[in-house]
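The values are calculated or read from the model by the stated rules, or taken from the named source; none is laboratory data. All figures in this text were calculated on a predicted structure; none of them were measured in a lab. Cβ coordinates were reconstructed from backbone atoms using ideal geometry, including for glycine residues, and neighbour counts include every protein chain displayed.
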Amino acid sequence: MPSGQDIAALLPFLLLVLGALVLMLSEVFLRSGGRGYQSGLTIAFAAAAALAVPFAPQQVLFGGQAVSDGFAGFVTMVVCAGLALSALLGRGWLETRNMERGEYYALALFGASGMVLLGMATDLLLAFIAIEVMSLAVYSLAAYPRRGQRPPEAAFKYFILGSFASAILLYGSALYYGATGSTLLSAMRGGGGALLAAGLSLILVGLAFKVAAVPFHAWTPDVYEGAPTPATAFMAAGVKAAAFAFLTRGVLAMVAGTPFAVGNELGGVLGLLAVLTMVVGNLFALPQRNVKRMLAYSSIAQAGYLLVGVIAASRPESRAQGTSAVLVYLAAYAVTVIGAFSVLAVMEKREPTPDAGSADAWDVSRFAGLASRRPWLAFAMAIFMLSLAGVPPTAGFVAKLSVFQAAAGAKAWGLVVVGVLTSIMGVYYYLRVVVAMYMQPAEMEEPAAAPPTVAIAIAVAALLVVVVGFSPEPLTAWARAALLRM
Amino acid sequence: MGASAETVLFWIFAVPLIASAAGVVAARNPVHAAMSLVSAFFWLAGIYVLLTAHLLAFVQVIVYAGAIMVLFLFVVMLLSLTDAELGLEKLSALKWVGVVGAAGMLVLVVSALAQSGPRAMRAVGADFGTVRAVGRILFTQYLLPFEATSVLLLVAIVGAVVVAKEKI
C-alpha cells in the first residue's frame, strides 16, 4: 500500500502534473487577453517541483517500479531548470507571434512530468509509460504553431518514427518479461540467455532513438528544425536528460545482474554506438550553414559524448566517476543548448509563414556583424558556442573533461581519442558562428530587439555556463553526491 | 483438458491470427486492413482464454475489437481515400532493406526462443485472471504505472486537441 513517504517522494512529479492542470484551466477562466502570467505560473511550478526534491525521502517506491534517489533528484532538477528557461523563452517567442496559449505551457509541464518519472523509473513498464507521456507532449509541442508546412511535417515525422521506436521498446520489454518473468530492471539478476539478450538489444534500440544516437538519429535534424524554437530547446534539454537517465540506470542494472559476459559484449555495442554517434554527428554538422540544423547535428554529437560517460559508468572501476560525469554533462548541455536556441529565437526571421522559401531563416549569414550591433547578444552566443565546443572556461569544457576523465579511468583509451578528435572537429563549425558575428560585416537588416523574458533566459543561461566554467566544484560535488540506488 | 487438446486449440487460434495480422499489412484498402485487425483481435482473445486470462479476453473483444476499431473505421471511412491517393505500392531499395532487417529480427527471436528451450508454465491459482484478481494486482503492485497511465491518456487528449486546431 502506498504510504505518505511514497507520495512525498513523488511530489516533484505530482506538482508538475498539477501545474499542467492549472495551466489548462487558466485558459478556461481567461477574462482578458492577457496571458503574461502563464509563463510565470509554469516557472513557479517548475521551481516548486525542484524545491520538493531535497525533501523527497530516499527510498524505493510502491512495488519497486520507481526509486527516489540522488540520481533521480539531479535529473529532476535539470528537467525543471530546462522547463523554466524554455518557458521564459516561449513567452517572448510565442507572444511576438501572437500564439501564446495555456496549452503550450500545459503540454510542456506534462512533458516535464514524464521526464521526471522516467528519471525515477526502475521498471520497463513504468519507463514505457513515462516515455510516452514525455513523447506525446513533445510531439504536440512540435506541431503547435499552425503556420506553414514545417511544424506539422516535423511533428508527423517525429510521431511516426517515435511510435516505431516505442513499439520496438515494447517488443524488447515483452521478450525481457518472457526471459525473466518480471519487468523490473532488478529482475535481470539471475536471468540470462539469448532471449534476454534479444530483449535487451531491442530495448537499447528504442532508447537509442530517444537519445538520437547514430544510426537511430535520422529524425533529429528535420524535427529540430521544424519544431518551434522554444519547443526545440525544451526537447533538446529535457528529452535527452530523461532518456539518458533511464539508459544509465538500465546499463548499470545490466552490468550488476547478468551472468553472461555482458561487460565485453555490452561495452562493444555501446562503444560502437558512441563512436558512430560522435563521428557522424560531427561530420554532418560540418557543412551546415543553417544554425538550427547545425545545433540538431550537434545534439547528436553530444549524445555520443554522453554515451562515453555511460560506458565509463558501466565499468566497476569508474562507476561513480562515470555516473557523475553523465549528470554533469546533462546539466551543462541543458543550460547551454537552451541559451543557444534562445539567441537563435531572437535572430530568426519572423514572417507569418516561416517556411515559404526560407531555408535561410536560420542561416549563419543572419549572424554576420552581430557583435557591432548587439554586443551582448553576440557575446552570449559566443559563450554558448564555446561551451558546446568544449572550450575553457565554460560549462561545456567541465562536462567534456569529466566524461573523458571517467573514460580514462575505465581505460577506454580508444573512446577518449575519438572523443577528443571529434571535439576538435566540432570547434570548426561552432566557431563559424562566432567568426560571422565578430569578423564579418553586417549584411542583413537590423535584428529585432530581444523580448525581455528571452533576454532574461539568455542572461541566466550565459551566467550559469560561465560560473560553472570558472568554479565547477559545486556542480561536480553535487553530481558525485547524487548516488544511484538500484 | 488434456495437453494435446490445448495444443490443437492453440493452433486453431494461432494460424488465423497470423493470417489476419499479415492481412493488415498486405491489404491495399484501409477498410480491409482495419477489418483484418478486428479479426486478429478476436483470435488473440481466444489465446488469452487458453491462458485462463478471461478478463483480458473480454476486454480485448469489448475495448479493442469493439470500441477502438469502430473509431478506426470511422476515421478511415471519413477520409475515404481513393486508389489514386493511396498510390501504387513500389518496392524501393529501402523497403528491401526493411524486409531483410525484419527477416533478421525474426531469425534472431526464433533462435533465441529455441535456445531457451521448453519451460513449464507457472502454475496459477484458481482465481487467476478473474476481475477480482486483476483488480487487486492493479491497485496494489501496479498502482504507480496504473495512475501514470491516466496522465498519459490526458496528455494524449490535450495533444490531439492542440494538433487538430485549425489555427493558433
- Query: Among the residues of region A:127-141, which ones are under 21 Å from A:Val326 (Cβ atoms) and facing chain B (nearest Cβ under 8 Å)?
  - Reply: A:Ala130
- Say we look at region A:181-199 and pick out the residues that are within 11 Å of another protein chain (Cβ to nearest Cβ) and assigned to a helix (DSSP H, G or I); which of these is farthest from A:Tyr139 (Cα to Cα)? A:Ala194
- Item | Where a residue in region A:44-64 is within 14 Å of chain B (Cβ to nearest Cβ) and its partner, wherever it lies, is assigned to a helix (DSSP H, G or I) and buried (at least 20 other Cβ atoms within 10 Å of the Cβ), with Cβ under 7 Å and at least six apart | A:Gln59/A:Ala9; A:Leu61/A:Ala9; A:Leu61/B:Leu144; A:Phe62/B:Leu144
- Query: Which of the helices (runs of 4 or more DSSP H) contained wholly in region A:269-377 include at least 3 residues that are within 24 Å of A:Arg91 (Cα to Cα) and of a type in the set (A, V, I, L, M)?
  - Reply: A:291-314, A:319-347
- Task: Quick one: in region B:133-168, of everything that is of a type in the set (S, T, N, Q) and part of a loop (DSSP other than H, G, I, E, B), which residue is nearest to the other protein chains (Cβ to nearest Cβ)?
- Result: B:Gln141
- Got a sec? Which of A:Tyr158, A:Tyr224, A:Tyr144, A:Tyr177 is within 14 Å of chain B (Cβ to nearest Cβ) and within 17 Å of the chain's Cα centre (by Cα)? A:Tyr158
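Listed here are the residues, each with its yes/no results for (1) at pLDDT 90 or above; (2) under 22 Å from the mean Cα position of the chain (by Cα).
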| site | (1), (2) |
| --- | --- |
| B:Val109 | no, yes |
| B:Gly117 | no, no |
| B:Ala123 | no, no |
| B:Phe146 | yes, yes |
| B:Val161 | yes, no |
| B:Ala164 | no, no |
- Run down A:Val60, A:Val78 and say which single residue is surrounded by 24 or more Cβ atoms within 10 Å (Cβ to Cβ) and within 22 Å of A:Ala130 (Cα to Cα). A:Val78
- Query: Quick one: how many residues across region B:103-131 are within 25 Å of A:Leu202 (Cα to Cα), more than 8 Å from every other protein chain (Cβ to nearest Cβ) and in a helix (DSSP H, G or I)?
  - Reply: 7
- Checking A:Gly34 against (1) surrounded by fewer than 18 Cβ atoms within 10 Å (Cβ to Cβ); (2) assigned to a helix (DSSP H, G or I), which test does it fail? (2)
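For every residue, the table says whether it meets (1) more than 22 Å from A:Leu124 (Cβ to Cβ); (2) surrounded by fewer than 16 Cβ atoms within 10 Å (Cβ to Cβ); (3) not hydrophobic (A, V, I, L, M, F, W, C).
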| site | (1), (2), (3) |
| --- | --- |
| B:Leu94 | yes, yes, no |
| B:Val99 | yes, yes, no |
| B:Ala120 | yes, yes, no |
| B:Val131 | yes, yes, no |
| B:Ile137 | no, yes, no |
| B:Tyr142 | no, no, yes |
